[in-house]
Amino acid sequence: MIWTLRPWIPPILACLFVAALATAAAAQAEALVVEADEVVYDEQSRQVQATGNVRLRYRGIRLTADQAQFDLAREVVTARGHVVLTDASGRELRGEALTYDVRLELVEVQRGEGVVDGFFVRSERLRAQPRRIVAEEAMLTPCDPARPAMRITARRVELVPGEDLVASQASLWLGNRRLLTLPVYRSSLRGGEETARSFPSAGYQTRDGFWVQYPFGYRAGKLSGELTLKYGTLAGVIARNRLTYRRPTFALELTAGRNQDIERRIYDQAELALHLAERRLGPLPLFASAAVQGGWFEEQATGVRTSRTRYTVAARLPTLALGPRTSLAASASWTDGFYGTGDRYGVLRGGLGLSHELSGAEVLSFTYSLVSPSGVTPFLFDAVPADELVHRGTVLYTRTGQRGPETTTFQAGAGYDFLVSSPFVLLGYGRRLPERSHWMLTGEYNLSTTDVKLTADAGMAVGTGTYATVQVVYHTLTGAYEDVDYLLSARLCDCFEVRVKYRQVRRELWLEIGLAPRP
């Protein structure tokens, strides 16, 4: 028997609900809902056919198409013509033709396209599962797909959402110009910043001169590798390779080559590291992790070459609710290093935060911070910079409010600095208009030295996609500026960002051009 609904029947009757049919045929608890200009149900074959403005809903998925067929026995839907599928996780795929196996959560799309972790993907044939997507004859871009400033074309692309993408026979394009073709190209998908680091970047910095950097990711069996190549007109060639063997409970890394620290000081290394994954300690809300590293280093600035063996243990208490308005979080770590010179250098780090919400707009908090080194290291890149040393406790009252579209922030507090054995008080106020402007002025008064440390941070939008910021730290006792920094960031060609930073006191100029995927 075949039941047919024709367009001349009132539109409300063209909506076919087959929950009863699904229950009788497959004992399903959730209804299949089909709406179309024409819907046909074949009771013998247990198939639903829909034509014209099709809309289908089943088990959290939503589908629109020109034509669709649903096999109730196999739970397989096929569709053609302007197909748009949104699965239960919210992922959207589009294409000319589609087959979806609901039980296996397997989608096959002809001439399909979609968005995965900020990448627009277009493919002649696309197969998607919850944790794996394979695209044949594909184009990927983090830019506007209509006119991509940067794109990758590849014979085959495999994406693991939240992890990485691997493209075979991949070409990297800048506009209409092909820069290079690689047998295998790999990019991280573990966040915007890490994804951006997977692409070539360039800039200028006073230690490196004009520089260009390219990280090349690859796989070697069960190992994932990354070869980083950098050239600076002042620093020369910097190349290093890292191989990683990753398992759920640990990761083993081998790094060899030339590296740089945060101050752009160059050193050579050959190091093996074992990182143990964070795990919960019994029933307690406490998590611990550890790492062991050993290798050989040579630092250009000091000429020191020797071995280093060190271990790190860390513990973390995640945000713990002590009441409806009170929360506590804490962390601590100890790093201990042993050198071939006989030196030993350890760093103790700790932090604690206790917060109590007085009202919806008022918060009273206590924070304790500690970064304390001990011993001696023969390497400059190992030493904790003086401006990062901290040992203080602070009680802070914060109130936020609204003045029209602006958000206001008022802060007042007091604390004790154990490094200089002195109490201090602080006061701050600022306003922020999202994507338009911001300013914040904070004063910290040291009761022992009578010094006032003034910190100012102000910025405003300069045209579309461009933001300028000035940051100043000034001490009234010495009449000296600790820092005066000027920052400018601008989005170019939709998915590239240029960052310029001039540090007046330190006489440093930074220029970086990198990838900034579209939201």
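Couple of notes before you dig in:
- For segment 297-308, the condition of being under 21 Å from Arg349 (Cα atoms) and under 23 Å from the mean Cα position of the chain (by Cα) holds for none of the residues.
- Residue among Gly81, Gly95, Gly52 that alone is within 35 Å of the chain's Cα centre (by Cα) and either at pLDDT 90 or above or more than 30 Å from Cys495 (Cα to Cα) (or both): Gly95
- From the options Tyr204, Tyr185, Tyr214, residue that is under 24 Å from the mean Cα position of the chain (by Cα), closer than 30 Å to Gln269 by Cβ and surrounded by fewer than 20 Cβ atoms within 10 Å (Cβ to Cβ): Tyr214
- Within segment 372-383, the residues that satisfy the criterion of being open to solvent by 30 Å² or more (accessible area, probe 1.4 Å) and either β-branched (Val, Ile, Thr) or in contact with a Gly (Cβ under 6 Å, 6 or more places away or on another chain) (or both) are Ser374, Gly375, Val376.
- Segment 448-489 - residue that is within 26 Å of Cys143 (Cα to Cα) and touching a Lys or Arg at 6+ places or on another chain (Cβ under 8 Å) and, of those, most open to solvent (accessible area, probe 1.4 Å): Met460
- Just one of the listed residues (Val116, Val134) is touching a residue at least 40 places away in the same chain (Cβ under 8 Å) and either farther than 22 Å from Gly52 by Cα or out of contact with any Ser or Thr (no Cβ under 8 Å at 6 or more places or on another chain) (or both), namely Val116.
- Criterion: open to solvent by 50 Å² or more (accessible area, probe 1.4 Å) and out of contact with any helix residue (DSSP H, G or I) (no Cβ under 8 Å at 6 or more places or on another chain) - qualifying residue of Val166, Val121, Val157, Val115: Val115
Residues checked against (1) within 25 Å of the chain's Cα centre (by Cα); (2) open to solvent by 30 Å² or more (accessible area, probe 1.4 Å):
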residue	(1), (2)
Gly175	no, no
Phe199	yes, no
Tyr231	no, yes
Asp261	yes, no
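- Search result, residues across segment 233-255 that are open to solvent by 50 Å² or more (accessible area, probe 1.4 Å), assigned to a strand (DSSP E or B) and among the aliphatic types (A, V, I, L, M): Val237, Leu252, Leu254
- Filter result for Val498 (open to solvent by less than 50 Å² (accessible area, probe 1.4 Å), more than 29 Å from the chain's Cα centre (by Cα) and not polar (S, T, N, Q)): no
- Against the test of being among the hydroxyl-bearing types (Ser, Thr, Tyr), touching a strand residue (DSSP E or B) at 6+ places or on another chain (Cβ under 8 Å) and either without any contact (Cβ under 8 Å) to a residue 24 or more places away in the chain or open to solvent by less than 60 Å² (accessible area, probe 1.4 Å) (or both), the options Thr400, Thr394 yield a single qualifying residue, Thr394.
- Test result for Thr302, at negative phi and touching a strand residue (DSSP E or B) at 6+ places or on another chain (Cβ under 7 Å): no
- When Gly342, Gly337 are checked against the criterion of being under 30 Å from Glu299 (Cα atoms) and open to solvent by less than 40 Å² (accessible area, probe 1.4 Å), Gly337 stands alone in meeting it.
- Of everything in segment 330-360 that is part of a strand (DSSP E or B) and of a type in the set (Ser, Thr, Tyr), the residue that is nearest to the chain's Cα centre (by Cα) is Ser331.
- Scanning segment 124-144 for residues that are open to solvent by 30 Å² or more (accessible area, probe 1.4 Å) and within 13 Å of Gly112 (Cβ to Cβ) yields Glu124, Arg125, Arg127, Glu136, Glu137.
- Top-ranked residue of segment 406-427 - restricted to ones that are open to solvent by 70 Å² or more (accessible area, probe 1.4 Å) and in contact with a strand residue (DSSP E or B) (Cβ under 6 Å, 6 or more places away or on another chain), ranked as farthest from Leu389 (Cα to Cα): Phe410
- Of the strands (runs of 3 or more DSSP E) contained entirely in segment 111-210, those carrying at least 2 residues that are closer than 30 Å to Glu508 by Cβ fall at 177-188, 201-205.
- Residues of segment 75-90 satisfying the condition of being open to solvent by 40 Å² or more (accessible area, probe 1.4 Å), outside any strand (DSSP E or B) and either without any contact (Cβ under 8 Å) to a residue 12 or more places away in the chain or within 21 Å of Asn53 (Cα to Cα) (or both): Gly90
- The set of residues in segment 480-506 being charged (D, E, K, R), within 16 Å of Asp387 (Cβ to Cβ) and part of a loop (DSSP other than H, G, I, E, B) consists of Arg506 alone.
- Segment 469-494 - residue that is farther than 23 Å from Gly443 by Cα and not charged (D, E, K, R) and, of those, modelled with the highest pLDDT: Leu488
- In segment 275-308, the residue that is nearest to Asn259 (Cα to Cα) out of those that are open to solvent by 70 Å² or more (accessible area, probe 1.4 Å) and either in contact with a Pro (Cβ under 6 Å, 6 or more places away or on another chain) or in a strand (DSSP E or B) (or both) is Trp296.
- Test for Leu106: is it open to solvent by 30 Å² or more (accessible area, probe 1.4 Å), under 24 Å from Arg59 (Cα atoms) and of a type in the set (A, V, I, L, M, F, W, C): yes
The values are calculated or read from the model by the stated rules, or taken from the named source; none is laboratory data. Remember, predicted model here, so these are calculated numbers, not experimental data. A quick note on method: Cβ atoms are made from the backbone with ideal geometry, for glycine too, and the neighbour counts reach across all protein chains shown. To get the accessible areas, we keep the full protein, side chains included, count just its heavy atoms, and leave off ligands, DNA and RNA. Shrake-Rupley method; radii C 1.70, N 1.55, O 1.52, S 1.80 Å.
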